[in-house]
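Working notes for the structure below.
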Amino acid sequence: MSEIRKIRLVVLISGRGSNLQAILDQAASGALPVEIAVVISNRPGVQGLERARQAGIAALALDHKLFPDRPAFEAALIDLIDGHQPDLVILAGFMRVLTAGFTEHYRGRLLNIHPSLLPKFRGLHTHERAIAAGETEHGASIHFVTAELDGGPVIVQARVPVLPDDDPDTLAARVLAQEHHLYSQAIHWFAEGRLRLSGEQVWFDGKPLDQPLRLENAHTLD
Ligand code: GAR
């Protein structure tokens, strides 16, 4: 149905894999022009690996604890990934800090999803921190990964309201529902060749982006 060439995708995870599941489902339905070459987790035995296997996708654990240091782990991870010759590598709940050696190797073809409206709330516990800061709006971002943690150029964001009764769990669930649309959108644009990174600048449809794109959606609230 789609005339877009399928891109080869490698997905890195650390846990639950609900973003992975959304991508698996959209790839299986033909909505997303990707061939998922392999799913790799730095933690063995996580739910995301099982989700990949259920979908008939190769799933591997590369346990970072078995390596003496971060560069040794990353060298093994690069070997594993590059053996699959991906066009695009995505971090989908991959919770290891990556060094510049890794991020530069994949510059322009490495994406991350982060559960905040970057540059707000880099790092962990984003939902808790958004509530504590009195934010009325929160969300998720897809960005190109560079050496700066959660600091790479942002491509697209989904926004949700923070409601007066929210706790971190209710807010996380509202954001997560948007994440499951957000990654597919960015991957689709990448597959279509509409998205690229030049230096620290995102280009979309041949023009530099001066602010992140917005995921327009009807899923925010009932
Ligand atoms: C997602 O909310 C993702 O945005 C977040 O981890 C969760 C993974 O959920 N990622 C980060 O915090 C990265 N800094 P999932 O395993 O169900 O997709």
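The values are calculated or read from the model by the stated rules, or taken from the named source; none is laboratory data. None of the values given here were measured: they were computed from a predicted structure. In this analysis, Cβ positions are derived from the backbone assuming ideal geometry, glycine residues included, and neighbour counts consider all displayed protein chains.
Here are some notes:
- Filtering the range 1-27 to residues that are closer than 27 Å to Asp79 by Cβ, near the ligand (Cβ under 9 Å from one of its atoms) and among the small types (Gly, Ala, Ser) leaves Ser14, Gly15, Gly17.
- Candidate set: the range 28-42, residues that are within 15 Å of the ligand (Cβ to nearest atom) and out of contact with any Lys or Arg (no Cβ under 9 Å at 6 or more places or on another chain); chosen: the one nearest to Met95 (Cα to Cα): Ser41
- Residues of the range 110-167 that are away from the ligand (no atom under 12 Å from the Cβ) and among the aromatic types (Phe, Trp, Tyr): Phe144 alone.
- Gly134 being part of a loop (DSSP other than H, G, I, E, B) and at pLDDT 95 or above: yes
- If you go through the range 182-208 and keep only what is acidic (Asp, Glu) and in contact (Cβ under 8 Å) with a residue 24 or more places away in the chain, you end up with Glu192, Glu200.
- Hey, Glu179 within 14 Å of the ligand (Cβ to nearest atom), buried (at least 17 other Cβ atoms within 10 Å of the Cβ), more than 17 Å from Glu200 (Cα to Cα) and of a type in the set (D, E, K, R) or not: yes
- Just one residue in the set Phe94, Phe73, Phe102 is buried (at least 19 other Cβ atoms within 10 Å of the Cβ) and outside any helix (DSSP H, G or I); that residue is Phe94.
- Options Val156, Val89; residue that is touching a helix residue (DSSP H, G or I) at 6+ places or on another chain (Cβ under 7 Å), part of a strand (DSSP E or B) and touching a residue at least 60 places away in the same chain (Cβ under 8 Å): Val89
- For the range 175-213, residues that are aromatic (Phe, Trp, Tyr) and part of a strand (DSSP E or B) total 2.
- The number of residues in the range 15-57 being outside any helix (DSSP H, G or I) and in contact with a strand residue (DSSP E or B) (Cβ under 6 Å, 6 or more places away or on another chain) comes to 10.
- Scanning the range 61-97 for residues that are on the phi > 0 side of the Ramachandran plot and either touching a His at 6+ places or on another chain (Cβ under 6 Å) or within 16 Å of the ligand (Cβ to nearest atom) (or both) turns up just one, Gly93.
- Considered as a group, the residues in the range 28-64 that are without any contact (Cβ under 8 Å) to a residue 12 or more places away in the chain and not charged (D, E, K, R) include one that is surrounded by the fewest Cβ atoms within 10 Å (Cβ to Cβ), and that residue is Ser29.
- Flag if Ala172 is in contact with a helix residue (DSSP H, G or I) (Cβ under 8 Å, 6 or more places away or on another chain), in contact (Cβ under 8 Å) with a residue 12 or more places away in the chain and either assigned to a strand (DSSP E or B) or more than 13 Å from the ligand (Cβ to nearest atom) (or both): no
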